[in-house]
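Participant: Just dropping this structure here.
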Amino acid sequence: MTEMQNRDYLLISPCRDEAEYMRRTLDSVVAQTVTPALWIVVDDGSTDATPEILAEYAARHDWIRVVQKPDRGGRAVGPGVIEAFYHGLDTVDLADFPYLCKLDLDLDLPSDYFETLIARMEQTPRLGSASGRSCYRTAAGELVSEGHGTEMSEGMTKFYRRECFRQIGGFVREVMWDGIDCHTARRMGWIVRSYDDLKFEHLRPMGSSQKGIYTGRRRHGAGQYYMGSDPLYFTATAIRKMARKPYVMGGLATLQGYFGAWMRGAPRHEDAELRRFIRSYQRNALLRGKSRTIARIEAEREAGWRDA
């Protein structure tokens with residue numbers, strides 16, 4: 001860098017009943033080599049020890065701010081999480097922060113996590129959203145990838161350049177908010193990535209739900225239908241998921257969610273052009289692979305991004 005750049009970043013963490021995991025997340029953020037300018041934690045009606053733990057950390061760190069949200073009566077996922085996210089974001093002026101991250105409280109991050117993401121955005125002006133790669137720890141203590149591709153920033157730690165977040169209109173309040181945002185950003189010419197060399201531990205099984213993992217998988221399938229995913233592409237991804245725990249049944253549950261929504265005539269995302277863009281990307285990815293397809297999209301849309 002030829003001059004000092006503003007590295008202030010805002011973290012917003014919606015949470016409810018996270019006492020089991022949250023100390024590890026809190027400690028890993030406190031240990032960051034670049035400390036957040038502000039961390040807003042939105043307590044969405046916790047009934048366990050979450051409020052006491054948050055009060056303890058907020059008393060020790062003046063950059064941690066706890067925002068209370070009225071109890072909705074139960075743990076919320078998808079739209080409820082984004083509603084809580086905006087409950088926190090609405091308390092600040094986003095113009096004060098060049099970077100923004102929606103961060104879950106069931107993660108253990110490496111100490112250079114945010115410094116690394118900021119450095120990569122400084123190096124690549126088109127990089128609009130980024131994350132590391134989520135892993136889980138096996139009984140033998142080994143970290144194993146949860147199987148995401150590198151073409152999306154991961155939903156539990158969405159790190160955004162402010163300009164990109166604003167241009168895409170932020171997050172939609174639907175189940176597939178963490179896929180729609182990446183496709184929208186790429187359609188507008190931004191680069192979106194998750195990085196294999198920046199791993200973090202996910203302490204709760206990915207795709208689970210407050211009602212169980214199969215409910216979570218069915219919800220994911222219905223969300224893919226809402227987003228506009230191509231049925232052939234989604235079926236192929238569901239078959240691949242059958243090789244991961246919970247074996248076979250997890251993939252079948254996603255298919256049940258997708259085709260059940262289709263048969264019910266469930267509503268789809270209102271932006272038909274975005275749905276067409278997503279289907280075109282997915283069909284080309286099946287034929288040519290994700291990496292080649294994304295490289296082509298990024299090359300084709302660079303001029304439009306520069307004009308914008």
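The values are calculated or read from the model by the stated rules, or taken from the named source; none is laboratory data. Bear in mind the structure is a predicted one, so any value in this text is a computation, not a measurement. Ideal geometry is used to build each Cβ from the backbone, glycine not excepted, and the neighbour counts take in all protein chains shown.
Participant: Return the total of residues in region 252-284 being over 21 Å from the mean Cα position of the chain (by Cα), assigned to a helix (DSSP H, G or I) and not polar (S, T, N, Q).
Facilitator: 13
Participant: Can you list the strands (runs of 3 or more DSSP E) found entirely within region 48-144 that contain at least 1 residues being among the acidic types (Asp, Glu) and in contact with a Ser or Thr (Cβ under 8 Å, 6 or more places away or on another chain)?
Facilitator: Numbers: elements: 64-68, 99-103, 127-137.
Ranges flagged: none.
Participant: Sort out which residues of region 191-203 are at pLDDT below 95 and either part of a helix (DSSP H, G or I) or of a type in the set (A, V, I, L, M, F, W, C) (or both), and write them in order of number.
Facilitator: Result: LEU203, single match.
Participant: Between GLY155, GLY228, GLY216, GLY221, which is touching a Phe, Trp or Tyr at 6+ places or on another chain (Cβ under 6 Å) and crowded, with 20+ Cβ neighbours inside 10 Å? Let's see the steps before the verdict.
Facilitator: Details: GLY155 fails: touching a Phe, Trp or Tyr at 6+ places or on another chain (Cβ under 6 Å); GLY228 fails: touching a Phe, Trp or Tyr at 6+ places or on another chain (Cβ under 6 Å); GLY216 fails: touching a Phe, Trp or Tyr at 6+ places or on another chain (Cβ under 6 Å).
The conditions single out GLY221.
Participant: Within region 46-64, can one find any residue that is within 18 Å of GLY155 (Cβ to Cβ) and crowded, with 20+ Cβ neighbours inside 10 Å? Give the steps one after another, and end with the answer.
Facilitator: Taking region 46-64 and keeping what is within 18 Å of GLY155 (Cβ to Cβ), we get none.
No.
Participant: Right, here's the next one. Please give the number of the condition ARG72 fails out of (1) under 22 Å from ASP181 (Cβ atoms); (2) modelled with pLDDT under 95.
Facilitator: It is condition (1) that ARG72 fails.
Participant: Considering only residues that are crowded, with 17+ Cβ neighbours inside 10 Å and touching a strand residue (DSSP E or B) at 6+ places or on another chain (Cβ under 9 Å), which ones fall in region 247-299?
Facilitator: ILE294
Participant: Just to be sure, is GLU163 without any contact (Cβ under 8 Å) to a residue 40 or more places away in the chain, assigned to a helix (DSSP H, G or I) and surrounded by fewer than 18 Cβ atoms within 10 Å (Cβ to Cβ)? Lay out the reasoning, then the answer.
Facilitator: Numbers: without any contact (Cβ under 8 Å) to a residue 40 or more places away in the chain: yes; assigned to a helix (DSSP H, G or I): yes; surrounded by fewer than 18 Cβ atoms within 10 Å (Cβ to Cβ): yes.
It is true that GLU163 is without any contact (Cβ under 8 Å) to a residue 40 or more places away in the chain, assigned to a helix (DSSP H, G or I) and surrounded by fewer than 18 Cβ atoms within 10 Å (Cβ to Cβ).
Participant: Now for a separate question. Is it the case, given these coordinates, that GLY169 is in a loop (DSSP other than H, G, I, E, B), modelled with pLDDT of 95 or more and small (Gly, Ala, Ser)?
Facilitator: Details: in a loop (DSSP other than H, G, I, E, B): yes; modelled with pLDDT of 95 or more: yes; small (Gly, Ala, Ser): yes.
In short, yes.
Participant: Which residue out of SER134, SER145 is farther than 24 Å from MET188 by Cβ, touching a strand residue (DSSP E or B) at 6+ places or on another chain (Cβ under 6 Å) and modelled with pLDDT of 85 or more?
Facilitator: SER134
Participant: Now for a different question. Would you check which residues across region 1-36 are hydrophobic (A, V, I, L, M, F, W, C), surrounded by 17 or more Cβ atoms within 10 Å (Cβ to Cβ) and farther than 18 Å from ILE53 by Cβ and list them?
Facilitator: If we filter region 1-36 for residues that are hydrophobic (A, V, I, L, M, F, W, C), which is where we start, we get 1, 4, 10-12, 15, 19, 22, 26, 29-31, 34.
Now drop any that are not surrounded by 17 or more Cβ atoms within 10 Å (Cβ to Cβ), which leaves 10-12, 15, 19, 22, 26, 29, 34.
Result: LEU10, VAL34.
Participant: What do you reckon, is THR184 β-branched (Val, Ile, Thr), buried (at least 19 other Cβ atoms within 10 Å of the Cβ), more than 20 Å from GLU273 (Cβ to Cβ) and in the same structural domain as MET22 (by TED's automatic domain parsing)? Write out each step before concluding.
Facilitator: Values: β-branched (Val, Ile, Thr): yes; buried (at least 19 other Cβ atoms within 10 Å of the Cβ): yes; more than 20 Å from GLU273 (Cβ to Cβ): no; in the same structural domain as MET22 (by TED's automatic domain parsing): yes.
In short, no.
Participant: Same structure, new question: Note down all Cβ pairs under 6 Å where the first residue falls in region 14-25 and is in contact (Cβ under 8 Å) with a residue 24 or more places away in the chain, the second is of a type in the set (Asp, Glu) and buried (at least 24 other Cβ atoms within 10 Å of the Cβ), and they're at least six residues apart or on different chains.
Facilitator: PRO14/ASP44; ARG16/ASP44
Participant: Still on this structure: Name the one entry in VAL81, VAL67, VAL77 that is at pLDDT 95 or above, assigned by TED's automatic domain parsing to the domain that holds THR157 and of a type in the set (A, V, I, L, M). Walk me through how you get there before you give the answer.
Facilitator: Numbers: VAL81 fails: at pLDDT 95 or above; VAL77 fails: at pLDDT 95 or above.
Answer to the selection: VAL67.
Participant: Residues of region 172-190 being part of a loop (DSSP other than H, G, I, E, B) and closer than 26 Å to ALA261 by Cα, which ones? Steps first, answer last, please.
Facilitator: Residues of region 172-190 that are part of a loop (DSSP other than H, G, I, E, B), as a first pass: 172-176, 188-190.
Hits for region 172-190 are VAL172, ARG173, GLU174, VAL175, MET176.
Participant: Examine region 204-213 for a residue that is among the hydroxyl-bearing types (Ser, Thr, Tyr) and either part of a loop (DSSP other than H, G, I, E, B) or farther than 24 Å from ALA37 by Cα (or both), and state whether such a residue exists.
Facilitator: From region 204-213, those among the hydroxyl-bearing types (Ser, Thr, Tyr) are 208-209; that's our starting set.
Still in the list and also either part of a loop (DSSP other than H, G, I, E, B) or farther than 24 Å from ALA37 by Cα (or both): 208-209.
Yes, region 204-213 contains at least one residue that is among the hydroxyl-bearing types (Ser, Thr, Tyr) and either part of a loop (DSSP other than H, G, I, E, B) or farther than 24 Å from ALA37 by Cα (or both).
Participant: Additional query: Could you tell me whether region 229-237 includes any residue that is assigned to a loop (DSSP other than H, G, I, E, B), touching a residue at least 40 places away in the same chain (Cβ under 8 Å) and among the acidic types (Asp, Glu)?
Facilitator: At the first step, the residues of region 229-237 found to be assigned to a loop (DSSP other than H, G, I, E, B) are 229-230.
Now restrict to residues that are touching a residue at least 40 places away in the same chain (Cβ under 8 Å): 229-230.
Imposing the further condition that a residue be among the acidic types (Asp, Glu) reduces the set to 230.
Yes, region 229-237 has at least one match.
Participant: For LYS102, are the conditions met, namely being of a type in the set (Lys, Arg), crowded, with 20+ Cβ neighbours inside 10 Å and either at pLDDT 95 or above or farther than 18 Å from GLU174 by Cα (or both)?
Facilitator: Working: of a type in the set (Lys, Arg): yes; crowded, with 20+ Cβ neighbours inside 10 Å: yes; either at pLDDT 95 or above or farther than 18 Å from GLU174 by Cα (or both): yes.
So LYS102 passes the test.
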